[in-house]
Structure formats: structure tokens, C-alpha cells
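To start, the structure under review is shown below, and the notes come after it.
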Amino acid sequence: MSVVDDDYIGNLDVLTRDLDAIEQLAAAALSDEPIDNSVRQRLASAPLELGYAELTEHHRQRRESEVEIADLLDPVALAQLDEWRAAQRLQWERGDLLVVGISGLLGALANLYDHRVDAAVLGGLAQLKKSDLLRRWERETARLPIDYTGPKFGGPTHRVKSAGHDIGRFCTALNQIRTGTFEGTWWEEGRRMTGLATTTRSGLPFAQASEPHLAVALLLKHLAADFVTPMSLPLPGWTLLCEMPDPTLRKFAHDAYAGGLNLRSGILTPGLGVLATEVVIRTHTHLAAYRSTGTAQLSSGAAAKRSEMLLAAHAAAGAISVSKTAAAAVAGGTAVAARHLNVPVLLRIGTLALQVRSDSASRAGAGAPSWEGLLAEEGATWTLPEALTIADLLAGSTSEFPQ
């Protein structure tokens, strides 16, 4: 390649760098981000009215003074640098704030009007209950022992008084269907009582399926048919509260279920708001990644920013949920207020907080070592056993010569 070609390529290289710097300054100014003053001053102080030979010489000097980092690092170090850059925290943009605000507002409104949302969900499930499939399942699972409504276990809240309708105690319910025997617990004068029954209140024997796969099928069909009813199913493990020695705790568990806290209102309905927030923010972040990189896959830095955005949006919904629960507790009692507590969003806030903290710790650990750390690392090499052995050998070899 001739000298003229080298000069031409060198001029294009410097001009390309200047154009990139101008675009970066313009983007920073439009997004109200800090501007690199050193780049701005270099562009402002560029010489004017130079001839081609003078401009070429100026550009040659600039290229010699502006050494590319890629020319100084080996491939392994470059890969580490790229990994470090990808893991750095990404600043929020205006679009991110807007998306977080919209998704947080959706979650907050879902918690503020949770009773209306739950009524709409119940209406949809009521239509599903009329389907031929669920009606057939209801007929096929008639007279199961978990539906016993005799003394101590009857009434509209019978599903919370024993383990049969608690998906958190699936094995206990399954065992009752396999043996055809109902088993329940109640308290009387401070003593724990256990009741067994093998027939319905009309005297008919309970349906029984000793084979495990048939028992599982019957139980799942029965739970599905009961889930779409207004009383739905108890929260997982909730029936255990009704078997505790403390009468206050037992009354709270019973009254909360009677007041509307169940699997539908406590998990499904509040989960819709959580799902809406997740969909909005995840769609935004993946679209942003696709526009900037050509792929929807997020870098570690973009994934960390997504966690921050999700945490902020869910926190707004969680704040409304806790506030409404507290207000309802003051106005109507703890058992009635419990149904307004959005457990899914609170659990999601906890997991996201841990994730954001972990991302922050990872970024801190990926930073460059301090001068003290480098000094300690370099100084530690002189205390290695090999170094001490070499020093002893050198000391021994010099002692053989006369002074």
C-alpha cells in the first residue's frame, strides 16, 4: 500500500472518530445526560483552514497520540473488558421512567380496586363452571370423603375446616380418597379432637379409588370444579391454621376465609396485576435491546436495569396493597382486611430486592482492584515458599566465597 493510500485511510479514520464523537455529544445533550467536556473542547479547538498536507500531518499526530485500547490489550483482556462493560449499570432513560410509571399505575389500580377485579374474575369463572366439562367432573367426583359436611365440619365454610380442599395438603386429601375415609380435627374445651367418617350424612358410603392414579385424577377434577365457585378453595396450608391450639388464630383463619380470602381472591386475582406489570416492562426492555443491538437477548447490564424497573413498579403496587389493608383493618377488622393484602406482589418485591442487591454486589466485585490491593498482591509474591528457597540458595552460594 502506498504512502498516499495510508494518508487517505488515516484521514478517514480520524474523521470517523470525530463524527462518532459529535453524535455522542448530540445524543447526550438531547437526553439531558452529562457531556464529555474533554471531547467537546477537542472538537472546538480543532484547527481550521488547513491544506491537505497540513491536515494529513495533523491527523497523523492525532493517531499517534490517541492509542486505541484494542491495540494495548490481548484477546483475553479484551474479552474481560467487554464483559465488564456489559455488566455495568445502565442509566434509566425517559422512556424507562414512563414505562415504570404506567406499569406501576396499572398494578396500583388493580390493588386499589381489587374487589371489582375479583368480581370480574368470578364472573368469568362462573361462566366456566357452566361448561359441560366441569359439570361432568362435578358428577364424577360426587360423594368423595373430602366433602363430608357432618357435625363440626358443615356449613358454607366446610372447605377450610379439613385438609381435603387444601392444595398445600395434597397428600392428606389423596389418602382420604384412597381409603374412602374422612378425617378431620376440631378443638373442644382446649382438647384436640379427631373425627372419622366413612359414609355421607344420608348413610351412603363415600366413593373410593385405591389406585393412586385414579385417586389423583378424582382429586384434581374435584378441586377444579370447586375452584370456580364463589367460595373457591382455601389458600395453600390455610387449613392448618384452623387446627392450631390458639382459638384466636383459628377464628381468624375461619373468618378470613368466610370474608372472601381464598385461592382465587388471594392468588389468582392479585396475580393478574403482577402479570400485567411484568409483561409491560419485559416487553419494553426486550424491544429496546432489539432496537439497539438487533437481538432481543439482554446483556447483564440490561437485565439488571430490568430488575430495577420491575422492583420500582411492583413497589408502587405493593404500597397501595399494604395501605389499603391497613385502612381496612382499622375500619373493619383484621380478618376482613386480610383479603386486600397482595401476597404475590409482596413476594415478587422481596425476590427482586434480593436480585438488585446481588447485581450491585456483582458490579462492585467486577471493578478494577484498588492500588492497595495491587500492592498487596505484588508484595505477596515475595513471601512465597519458592522465593524464600531461592533466597536461601543465593545466601548459601555467596557464603562459599571469601569476603
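General remarks:
- Spin-label model distance (nm) - residue 187 vs residue 102, 7 Å beyond Cα toward Cβ: 5.1
- Relative contact order (%) - region 286-353, alpha-carbon pairs under 8 angstrom, separation at least six: 28
- For residue 187, the residues whose amide H sits under 5 Å from its own are 193, ignoring neighbours fewer than 5 places away on the same chain, with H placed 1.01 Å from N.
- Legend: calculated FRET efficiency, residue 16 to residue 113, from the Cβ-Cβ distance at R0 = 51 Å, rounded to 0.05, equals 0.35.
- Under the simplified labelling scheme, the residue 199-residue 42 pair shows an inter-label distance of 9.5 nm, with each label point 7 Å from Cα along Cα→Cβ.
- Accessible surface computed residue by residue for region 111-233, with neighbouring protein chains in place and a 1.4 Å probe, gives 54 Å² per residue.
- Debye equation applied to the C-alpha atoms of region 92-181, log10 I(q)/I(0) at 0.16, 0.25 Å⁻¹: -0.87, -1.18
- Under 25 Å of direct C-alpha separation, and excluding same-chain neighbours fewer than eight residues apart, residue 161 reaches these lysines: 129, 152, 221, 251.
- For region 288-338, the share of accessible area belonging to carbon and sulfur comes to 64 percent (1.4 Å probe, ligands and nucleic acids excluded).
- Per-pair calculated FRET efficiency, R0 = 41 Å: residue 275 and residue 211 via Cβ, rounded to 0.05: 0.65
- Relative contact order, whole percent, for region 225-292 stands at 31, derived from Cα pairs under 8 Å and 6 or more residues apart.
- Full extension of the chain between residue 172 and residue 229 yields a length gain of 18.3 nm, computed as 0.36 nm times the residue separation minus the alpha carbon distance.
- ³J(HN,Hα) computed for each position of region 346-362 - Karplus, 6.51 cos²θ - 1.76 cosθ + 1.60, integer Hz, glycine/proline x: 5, 5, 5, 4, x, 5, 5, 4, 5, 5, 5, 5, 5, 4, 5, 5, 5
- Once Rg and the Kirkwood radius are both taken over the C-alpha atoms of region 125-230, their ratio Rg/Rh works out to 0.98.
The values are calculated or read from the model by the stated rules, or taken from the named source; none is laboratory data. Here the structure is a predicted model, which means the values were calculated and not measured. So basically every Cβ, Gly included, is an ideal-geometry build from the backbone, and we count neighbours across all protein chains shown. All accessible areas refer to the heavy atoms of the entire protein, side chains included, with ligands and DNA or RNA removed. Shrake-Rupley method; radii C 1.70, N 1.55, O 1.52, S 1.80 Å.
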